[in-house]
1. Among the residues of region 42-72, write down those that are under 23 Å from residue 120 (Cα atoms) and acidic (Asp, Glu).
2. For region 12-45, name all the residues that are surrounded by 19 or more Cβ atoms within 10 Å (Cβ to Cβ) and in contact with a His (Cβ under 8 Å, 6 or more places away or on another chain).
3. If you go through region 211-245 one residue at a time, how many are surrounded by fewer than 16 Cβ atoms within 10 Å (Cβ to Cβ) and either of a type in the set (A, V, I, L, M) or in the same structural domain as residue 72 (by TED's automatic domain parsing) (or both)?
4. Can you pull out every residue in region 160-195 that is buried (at least 20 other Cβ atoms within 10 Å of the Cβ) and free of Cβ contacts under 8 Å to residues at least 40 places away in the same chain?
5. Listed residues 76, 9; which is assigned by TED's automatic domain parsing to the domain that holds residue 112 and surrounded by 22 or more Cβ atoms within 10 Å (Cβ to Cβ)?
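The values are calculated or read from the model by the stated rules, or taken from the named source; none is laboratory data. All figures in this text were calculated on a predicted structure; none of them were measured in a lab. Cβ coordinates were reconstructed from backbone atoms using ideal geometry, including for glycine residues, and neighbour counts include every protein chain displayed.
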Amino acid sequence: MKPVTALIADDEPLLRERLRSHLAQLWPELQLVADARNGPETLELFDQHQPDIVFLDIHMPGMNGIDAARAMGRRAHIVFVTAYEQYAVQAFEQGAIDYLIKPIDSARLADTVQRLRTRNQASGALDAVLQQLAQHVPPRAWLQWIKASVGNSVRLIPVDQVHFLRAEEKYTLVAWEEGEALIRKTIRELSEELDPARFVQTHRAVIVNLACVREVVRGLNETAELHLRGRPETLPVSRNYLHHFRQM
């Protein structure tokens, strides 16, 4: 069975060490893979180690824990650890398993550990069922062609040739090797139909073909800009989608 892994993110070294010590006593099998000291480092280590659980402080330099959890999405079980009770509602809106108040009480942490164990066991059982089902389900057919009106004709654009898609008022602009066209499908619809291994959303209004990315330029406030091969446009990467490019 795959070991359960966890990341601790807190800007106070003493609190990180205390939490690590408590967890070692309460859950000896848990593998603590890394400690993070601030928001950006949290996301970097999260992408590197892909832990099952993140113990996440809310007040950290660079990026607060709420924004960090938002960037992680639902890719891990989140336990918020903070001195401030007023953030509880926001924490649970981000899918938190629990919300611990500093200084951490051992009995309260034991409840959290039990909750995590139960959730992890349920996830493991579900994964086993899904693996069995996947053997009998044909692979998903991702979108291969995009229909677009070009002048008085309808053009079938091969998805392989698409550089990026960008929302423009009531339409979506498709930029591909031979030109540009407008379609009525929304970015949200396209994000569900395109192969996520090849196309990623970088902004609420933009999807880009990863094969066309030439350079990623980091900006302020955990944002970035994309430069594509053979095209003059600069495409935005917002904070919520920057994790796609941390290894580039």
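1. Passing the criteria: 47, 52, 57.
2. 43
3. Of the residues in that region, 3 qualify.
4. 172, 174, 176, 181 - these are the residues of region 160-195 that are buried (at least 20 other Cβ atoms within 10 Å of the Cβ) and free of Cβ contacts under 8 Å to residues at least 40 places away in the same chain.
5. The conditions single out 9.
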